Amino acid sequence: MNPIYDLKDEHKIIISHINKLQSYLNNPNFLEEIGETINKFGKIWDSHETKEESFFEWFEKQGGTFPFKKTLLEEHREIRGHWQVIQNFLNSKDKEKLMVALNTDGQMLINKFKAHIGTEERFFDNLFVENLGIFSKYKA
Ligand SMILES: [Fe+2]
Ligand SMILES: [Fe+2]
């Protein structure tokens, strides 16, 4: 299976969670939904990130050129930091601080994640054309 299809499908799911989160952002009535979204989002993101990073490693081992790998990996850590801040306030059950965190870290998470996925998709689309042959050797 071409790993890029898989990763792109997961991006669609991640984006749908992000959009949901965005729609709840200014509304404390949705705290429960926010918690659920953050948790679902966290789960798919964990497995997506692991899959993606091992794909990056594999791709380099095949001799693929990948100048901005470092940036993408740094972005993974950075976005995770925002997610962690929200997660901490969710756990603390402090509604007011959570709403503040959602509007700062939450908004940053949304913006950075969308930009990050945009960069990855452009990269994947280029890879797809340039390296079609090597993907037949990929095993997830
Ligand atoms: Fe990524
Ligand atoms: Fe990704």
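Could you give me the residue pairs with C-beta distances under 8 Å whose first residue belongs to segment 59-88 and is of a type outside the set (A, V, I, L, M), whose second residue is in a loop (DSSP other than H, G, I, E, B) wherever it lies, and which are 6+ apart or on separate chains?
PHE59/PHE66; PHE59/ASN131; GLU60/PHE66; GLN62/ASN131; GLY64/ASN131
Got at least one residue in segment 30-39 being among the β-branched types (Val, Ile, Thr), part of a helix (DSSP H, G or I) and either free of Cβ contacts under 8 Å to residues at least 60 places away in the same chain or out of contact with any helix residue (DSSP H, G or I) (no Cβ under 6 Å at 6 or more places or on another chain) (or both)?
Yes, segment 30-39 contains a residue that is among the β-branched types (Val, Ile, Thr), part of a helix (DSSP H, G or I) and either free of Cβ contacts under 8 Å to residues at least 60 places away in the same chain or out of contact with any helix residue (DSSP H, G or I) (no Cβ under 6 Å at 6 or more places or on another chain) (or both).
Looking at (1) closer than 16 Å to ASP6 by Cα; (2) outside any helix (DSSP H, G or I), which is the one condition that is false for ASN26?
Just one mismatch for ASN26, condition (1).
Among the listed residues THR37, THR104, which satisfies the condition of being crowded, with 16+ Cβ neighbours inside 10 Å and more than 29 Å from LEU127 (Cα to Cα)?
THR37
Within segment 83-105, how many residues turn out to be closer than 13 Å to PRO28 by Cβ and not aliphatic (A, V, I, L, M)?
Counting residues in segment 83-105 that are closer than 13 Å to PRO28 by Cβ and not aliphatic (A, V, I, L, M) gives 7.
What is the number of the single condition among (1) within 16 Å of ligand 2 (Cβ to nearest atom); (2) in contact (Cβ under 8 Å) with a residue 60 or more places away in the chain that GLN107 does not meet?
Result: GLN107 fails condition (1) only.
Looking only at segment 10-17, decide whether some residue is surrounded by 17 or more Cβ atoms within 10 Å (Cβ to Cβ), within 12 Å of ligand 2 (Cβ to nearest atom), free of Cβ contacts under 8 Å to residues at least 40 places away in the same chain and part of a helix (DSSP H, G or I).
No, that holds for no residue.
Looking only at segment 82-94, decide whether some residue is within 20 Å of SER16 (Cα to Cα) and loosely packed, with under 15 Cβ neighbours inside 10 Å.
Yes, segment 82-94 has at least one match.
Given (1) more than 16 Å from ligand 2 (Cβ to nearest atom); (2) assigned to a helix (DSSP H, G or I); (3) not β-branched (Val, Ile, Thr), identify the lone condition not met by PRO67.
Checking PRO67 against (1) more than 16 Å from ligand 2 (Cβ to nearest atom); (2) assigned to a helix (DSSP H, G or I); (3) not β-branched (Val, Ile, Thr), the one that fails is (2).
Can we say GLU57 is farther than 17 Å from LEU31 by Cβ, within 16 Å of ligand 1 (Cβ to nearest atom), surrounded by 15 or more Cβ atoms within 10 Å (Cβ to Cβ) and at pLDDT 90 or above?
Details: farther than 17 Å from LEU31 by Cβ: yes; within 16 Å of ligand 1 (Cβ to nearest atom): yes; surrounded by 15 or more Cβ atoms within 10 Å (Cβ to Cβ): no; at pLDDT 90 or above: yes.
No, not satisfied.
The values are calculated or read from the model by the stated rules, or taken from the named source; none is laboratory data. Here the structure is a predicted model, which is why all the values come from computation and not from measurement. Please note: Cβ atoms are built from the backbone with ideal geometry, for glycine as well, and neighbour counts cover all protein chains shown.
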